[in-house]
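Data first, discussion second: the structure below is written as structure tokens.
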Protein chains: 2
Amino acid sequence: MPGHFTFYTEEIKNNQAVFSESESKHMVQVLRYSQGDTIEFTNGKGTIFKGSLLEANRKSVVAKVEEKTTSDIPDTVLVLGILKSSDRMETVVEKCVELGINTIHLMPSENSERKKVNLDKLYKTAIAAMKQSHGNYLPSIKVSSIQEIIQEYGDKLMLAHCRDGFKALPKVLNRDSIICVGPEGDFSEKEIDLFKVAKATEISLGKRILRAETAAIAAITLANLNA
Amino acid sequence: MPGHFTFYTEEIKNNQAVFSESESKHMVQVLRYSQGDTIEFTNGKGTIFKGSLLEANRKSVVAKVEEKTTSDIPDTVLVLGILKSSDRMETVVEKCVELGINTIHLMPSENSERKKVNLDKLYKTAIAAMKQSHGNYLPSIKVSSIQEIIQEYGDKLMLAHCRDGFKALPKVLNRDSIICVGPEGDFSEKEIDLFKVAKATEISLGKRILRAETAAIAAITLANLNA
């Protein structure tokens, strides 16, 4: 089944790629790859490799690198208030990886009912989405406070919130955008004020009220596909 | 909790709105509304009403219409190959209703593993999304063959598929667009040929390979939010 998935490993040395136990199991036990088969894989850092399997057992797969292609990595960044539903956070991660994303910051907002995040599970979702969509980049996913976010990005932040006021149109979004979307119930007034003091650009995502995860997916779509 | 939901009923006569048993239960038992409370509701056909509850028991709620506002209804149409996962079809319906959609055609494609659809369940998802996002329009959701679709829309169809060839950029999408997205595994060659004979416009959704439901959500986002 060549081309069906792009597998993932960061362990690539001397033209040999070693796959983790879970990747090996998926490849050998689920997808029935065997020695000599050709696969496509990525290091999650912008490079896609082609290679043939030197060893193929379900605990360990080793491939010989035969070709590599490096392409651009995505620049878009998402800041998302931590959502109550971990399923909905997984949906955001999945869709963002497909559409192209560099970094996802999960921010414990005043209105976040949940404060903790299972990053392992979100990384698993991200890896699955990257493999499925033949992606070349595994985003960094981390929990960051509003202070850390403002310090890192300052006036580059694009703030999509539901309160009234003047807002830029969605066409301002582009591949370098740093997009902020609140949790269910939106960012708090205090948080919006902090973003405004940092000179974030307030943007509109249309007249309709979108769920937090829909707003995030819509903004990442526009950032990546605005012509 | 006024303003938290926009409720839904089509039974509005002589300035009185009567709600179904499930809407009544949601309003009274779950959200604890009682007689005299003010609610917002829609007929799903473009009008938002405000009114106060004359009767509020969990089998039947009646409201007196006090205000009404009519606004534009969405024009965007989605044709989606029937997906294997009904969860993923529900996600598409939910996001499309939030973003704004007039009609969703579910098309039994040659590559659709599933041929039947639970329309009742999808309508429930659509109603919930409309209520949650304070929408004013409940789309029509139906199963349509490729022949019916081509006959209805012909050269107005915008075809997003993954095969190679010249494609228009996402910026051609706008609020009147009729967008076609295949199921998992895409439309078949034969289906793509039928669309081409009908003079559909082939469009690109970027270089990445998107899952069927991500492509649908991305295209509807662009159609509604392209400036």
remark   = Counting sequence-distant residues (5 or more places) and residues on other chains, those with an amide H built under 5 Å from that of A:I82 are A:M107, A:S109
message = For chain B, give me the percentage of DSSP beta bridges that are antiparallel, rounded to the nearest 5 percent.
response = 50 percent
query = Hey, for A:E152 with labels 7 Å out along Cα-Cβ, what do the inter-copy distances come to in nm, ordered shortest first?
reply = 4.5
message = Give me the one-decimal nm value for the distance between modelled label points at A:S60 and A:D75, 7 Å along each residue's Cα-to-Cβ direction.
response = 4.2 nm
task = Obtain the radius of gyration and the Kirkwood radius of the protein assembly as shown from its C-alpha atoms and give Rg over Rh.
result = 1.00
ask   = For label points placed 7 Å from Cα toward Cβ, what is the shortest-first list of nm distances from B:G206 to its copies?
value = 1.7
ask   = Kirkwood Rh, segment A:77-225, all Cα pairs: how many Å?
value = 15.1 Å
key: Between helix B:119-132 and chain B: long-axis angle, C-alpha atoms, 0 to 90°, nearest 10   = 60 degrees
request  = In whole Hz, with x marking every Gly and Pro, tabulate ³J(HN,Hα) for segment B:18-35 from phi via Karplus 6.51 cos²θ - 1.76 cosθ + 1.60, θ = phi - 60°.
outcome  = 10, 9, 5, 4, 6, 5, 5, 4, 4, 5, 8, 7, 7, 9, 6, 6, 9, 3
ask   = For segment B:57-132 and segment A:123-141, what is the separation of their Cα centres, given in Å?
value = 29 Å
Three-way shape label, segment B:29-106, alpha-carbon gyration tensor, a/c 1.5 = oblate
key: Residues with amide H under 5 Å from that of B:L205, placed H, sequence gap 5 or more   = none
remark   = Residues whose built amide H sits under 5 Å from the amide H of A:S177, excluding neighbours closer than 5 in sequence, are A:V77
Low-density loop positions, chymotrypsin sites (Phe, Trp or Tyr not before Pro), segment A:157-227 - DSSP coil, at most 11 other Cβ in 10 Å = A:F166
ask   = Do any of A:K171/A:K196; A:K13/A:K95; A:K95/B:K142; A:K68/A:K116; A:K59/B:K95 go past 29 Å between their Cα atoms, and which?
value = A:K13/A:K95; A:K68/A:K116; A:K59/B:K95
request  = Quick one: work out the % antiparallel among DSSP beta bridges in the protein assembly as shown, nearest 5.
outcome  = 45 percent
remark   = For segment B:5-11, Karplus-derived ³J(HN,Hα) couplings (6.51, -1.76, 1.60; θ = phi - 60°; whole Hz; x for glycine and proline) come out as 9, 9, 6, 9, 7, 9, 8
ask   = Quick one: Karplus J couplings for segment B:37-42, per residue in order, coefficients 6.51, -1.76, 1.60, θ = phi - 60°, nearest Hz, x for Gly and Pro?
value = 5, 9, 10, 10, 8, 10
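Every number in this text was worked out from the coordinates using simple rules, so none of it is lab data. All values reported here derive from a predicted model rather than from experimental measurement. Positions of Cβ are generated from backbone atoms using ideal geometry, with glycine treated the same way; all protein chains shown enter the neighbour counts.
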